[in-house]
Amino acid sequence: MRRELKRRSAIEPTIGHMKADGRLDRNFLLGHVGDAINALLVAAGHNLRLILAKLTLWRAFIKAALTVLMVKLNTSPDLPTARRSII
């Protein structure tokens, strides 16, 4: 019983967000099939938002790592410095 209550308390905020952000509060589709389709579309949209958020974090991490790598490559004392010509 306690485990079910923990699971419920974890799911309720997700459903609340889907109602507010995913427009689950209003269904414009007809009948029971429309209810099921609407719920599936909202869940798919919610999952896509989560995936995009994680991809954004990965993009920021890779960009920061590449920036650090480029700085290390440009300031290495072993490499000759590049000469810039002023035109």
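Geometric descriptor of region 2-74, per residue, is 126 Å³ (volume of the convex hull of the Cα atoms). Per-residue packing, averaged as other Cβ atoms within 10 Å, sorts the ranges 39-46, 24-31 into the order 39-46, 24-31, beginning with the highest. Have a look at Leu55, Met70, Ile15 and report the one farthest towards the positive end of the charge dipole of region 2-74, computed about the Cα centre with Cβ charges (Lys/Arg +1, Asp/Glu -1). Looking along the dipole axis, the top candidate is Met70. Straight-line cross-link partners of Lys19 among the lysines, defined as a Cα under 24 Å from its Cα and at least 8 positions apart when in the same chain: Lys6, Lys54. Going from the residue with the fewest nearby Cβ atoms within 10 Å to the one with the most, Lys72, Lys19 rank Lys72, Lys19.
All of the numbers you see were taken from the coordinates with simple rules; none came from a lab. Only a predicted model underlies this, so the values are computations on that prediction, with no experimental measurement involved. All Cβ positions, glycine included, derive from the backbone under ideal geometry; neighbour counts span all protein chains shown.
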